[in-house]
Each structure stands twice: as C-alpha cells, then as structure tokens.
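Structure first, commentary second.
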Amino acid sequence: APAPPSAGQALVLTCAREELEQELPIDAADIVRSVVDAVDPTTSLGTLMVRLALPLGTLQRVAQHLVFWKKALVVEVFQPHTRVVVAPGTDMVHNSALEMRFMEWQRQHRMKGPGTNLSLSEVLTVFSAGK
C-alpha cells in the first residue's frame, strides 16, 4: 500500500470527480464520498480533518485507497505561486485524444456565455503567460 500522506499534504484527483463518484460502489462508505467531494490540491489533509471532522488516520487511509486505485495523487499543497506544466511528450496537436477529452469536459462544465468555447491549446497558452 502507498505510504500515508502527512497532514501537510494534499490530494489531487487524477480523474473527473463525477466519474469517480459514479465508479464508487453503492455501498461505499459515506466517509469516502465526503473525502472525494472535499479533496482539493489547495487544501491540506489537516484542514480537511477539521472541515470534515474526521481523524487524520481515517483521511490517510481513504487517501491511500484513492492513490492505490490510481484515482488520486499525493502532492504538496498548491500555493498561489504554484505552477503546473503539461508533461513533456504530451500530444498537444489539434484533435488529439487529450484535446478531445478537454473539449468534452468543457462541454459538460462550462458556464454559458461568450468566449467559453476555447481549445485546449488556447487555454494552455493563456495560463502559461506567467502573469
């Protein structure tokens, strides 16, 4: 089993939250669902412990399961200055599988309004400006 994360670390989901919630068995513990709903790379397990009123050991155990199932990664808490990059070698060409997944995600989650139908490369270009 993966090592338990510390109270100062966070979890980042490796799949869409909605997909993970649908994959959970119907009889999954409510605690697991609560943790999945609450995890965020900007929120430490220590903060989640207080927010969800759960012992750190319980959060660590759920985190270990999510990491083992490859549904989450343990990360240091993201700060306002944290930068994330796309992995080298990622297929970023027009109509790549990654762009298709992004477009589907955007279709499902975007707010209605002008200028919200951006391509993956447009979004990455904006966010990589380093402002």
Handout entry: In region 95-115, the residues that are loosely packed, with under 11 Cβ neighbours inside 10 Å, outside any helix (DSSP H, G or I) and at pLDDT below 75
Key = Met111, Lys112, Gly113, Pro114, Gly115
Fill in the blank from the handout: Being open to solvent by 40 Å² or more (accessible area, probe 1.4 Å) and either part of a loop (DSSP other than H, G, I, E, B) or more than 25 Å from Arg107 (Cβ to Cβ) (or both) narrows Thr43, Thr82 down to just Thr82
Problem - Matching option when the condition is open to solvent by less than 90 Å² (accessible area, probe 1.4 Å), modelled with pLDDT of 85 or more and in a loop (DSSP other than H, G, I, E, B), among Leu118, Leu59, Leu54, Leu48 - result: Leu54
Practice task
Scan region 16-31 for residues that are out of contact with any strand residue (DSSP E or B) (no Cβ under 8 Å at 6 or more places or on another chain) and closer than 26 Å to Glu104 by Cβ and jot them down.
Solution key: Ala16, Arg17, Glu18, Glu19, Glu21, Gln22, Glu23, Leu24, Pro25, Ile26, Ala28
Practice task
Go through (1) on the phi < 0 side of the Ramachandran plot; (2) within 18 Å of the chain's Cα centre (by Cα) one by one and return the number of the condition Lys70 breaks.
Solution key: (1)
Practice task
Sort out which residues of region 4-40 are surrounded by fewer than 16 Cβ atoms within 10 Å (Cβ to Cβ) and of a type in the set (Val, Ile, Thr), and write them in order of number.
Solution key: Val12, Thr14, Ile26, Ile31
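The values are calculated or read from the model by the stated rules, or taken from the named source; none is laboratory data. Model, not experiment: these values are computed from the prediction. All Cβ positions, even for glycine, are placed from backbone atoms using ideal geometry, and neighbour counts span all protein chains on display. Calculation scope for accessible area: heavy atoms of the full protein, side chains included, ligands and nucleic acids excluded. Shrake-Rupley method; radii C 1.70, N 1.55, O 1.52, S 1.80 Å.
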